[in-house]
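Derivation of every value follows stated rules applied to the coordinates shown; laboratory data play no part. Predicted model, so just to flag it, every value in this text is computed and none were measured. Cβ sites come from the backbone with ideal geometry, for glycine too, and all protein chains shown count toward neighbours.
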Amino acid sequence: MIARTIAVALAIAFSLSPSHAQPQHRLPSGYKWGRCLLVVHGQTRISGRCSYQIEKGGDFNIQGPRQVFAGIDYPDTHSGAGEMSKDYWAVVYKDGDLWAGYANADIRDTHGEAGDWGELRREGACYVGKDVRLCLWR
């Protein structure tokens, strides 16, 4: 009985120990955690937790929660050749008086899928186009 109590107490102690806790995913400077929805051609690519960065002028990008970042999750080569992706991402930007955007079609892609989304219209926290809906809640 005493041995079982000690074993349970040790199991609880180790499970709460900081060395066994899930690591907090660090983000690059200027990025924050939020909630996102990204649906392209009827496929939900991101729904829930995401990281995002908003630039001056309102352009922004979102990254799925499993995304990795150069210099944080792997060495930064500063050449672009070492870039990698582990989740979906998307970019929305101002194109003159209109909004436009693009995203990767496969989580491994570091480039946008062929063709852009065309004109996007803003609906609250969402940007909506013919085959896309992208929402960001901070």
For the stretch 32-72, list log₁₀ I(q)/I(0) at each q in 0.25 Å⁻¹, using the Debye formula over Cα point scatterers of equal strength and ignoring solvent, two decimals each. -0.91
Over all Cα pairs of the stretch 67-138, the Kirkwood radius sets Rh, and Rg/Rh then becomes 1.03
Whole-Hz ³J(HN,Hα) for each residue in the stretch 26-39, computed from phi via Karplus 6.51 cos²θ - 1.76 cosθ + 1.60 with θ = phi - 60°, x for glycine and proline: what do you get? 7, 10, x, 4, x, 8, 9, 8, x, 10, 9, 9, 10, 10
Residue 45's amide H: which non-local residues (gap 5+, or another chain) put their own amide H closer than 5 Å, with H modeled 1.01 Å from N in plane and none for Pro or chain starts? 38, 39, 40
Computed over the stretch 25-100, Cα set: Rg, Dmax in Å: 13.3, 38
The lysines whose Cα lies under 27 Å from the Cα of residue 32, excluding any fewer than 8 residues away in the same chain, are 56, 86, 94
At residue 43 and residue 131, where each label point lies 7 Å from the Cα along Cα→Cβ, what is the point-to-point distance in nanometres? 1.0
